[in-house]
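K.L.:
Sharing a structure below in C-alpha cells format, with a few things to ask.
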C-alpha cells in the first residue's frame, strides 16, 4: 500500500485525532494517485510518527470553492485558510478517513531507517 508521510504541526494533529479536522490542506499534493494513507509525523517538540489515517479522496479547486466545500470540517479559521492559499489559483485538500493512533509513537528513523529528517511537505513511503 502506498502511503505518504506528512509533517503536521501539533495543533493540527490534535484536531485530526479529535475528529474536528477532517481535511489536510496543501498547496501541492501527491503526483501519484495511489496514495491510500497518510502517516502523520508530528513536528517538534513531539518529533514522532504518531498515527496513520486513510485517504478518502483528494480535492483540487480554487481556494474559494474548496473552502465552501470543506469549511465545516476544516478545523481551521477562514482567515488562516485564505492566508495559507494566498496568491494561488488552485488549492488542495486531502479528505481524511479512519485514524489509527500508534500506541508507541516512533522516531522517524524507527519508522523508516531511510528517513533522516522530517519532510518539508511529504515523502512517499510503502
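K.L.:
Using R₀ = 25 Å, calculate the FRET efficiency as 1/(1 + (r/R₀)^6) where r is the Cβ-Cβ separation of residue 110 and residue 43; round to 0.05.
P.N.:
0.90
K.L.:
By per-residue mean of other Cβ atoms within 10 Å, what is the highest-first order of 18-24, 86-92?
P.N.:
Ranking the peptides 18-24, 86-92 by packing returns 18-24, 86-92.
K.L.:
Going highest first, how would you order 45-53, 70-78 by mean Cβ packing within 10 Å?
P.N.:
Taking the mean over residues of other Cβ atoms within 10 Å, the ranking is 45-53, 70-78.
K.L.:
Round to the nearest 0.05 the FRET efficiency obtained for residue 36 and residue 61 when R0 = 30 Å and r is the Cβ-Cβ distance.
P.N.:
Given R0 = 30 Å and the Cβ-Cβ separation, E is 0.85.
K.L.:
Using only the Cα atoms of the chain, each taken as one equal point scatterer with no solvent, compute I(q) by the Debye sum, divide by I(0), and report log10 of the ratio at q = 0.13, 0.17, 0.18 Å⁻¹.
P.N.:
-0.50, -0.86, -0.96
Only the coordinates and a few stated rules stand behind these numbers; no lab work does. The structure displayed is predicted, hence computed values, not measured ones. We place every Cβ from the backbone using ideal geometry, glycine too, and count neighbours over all the protein chains shown.
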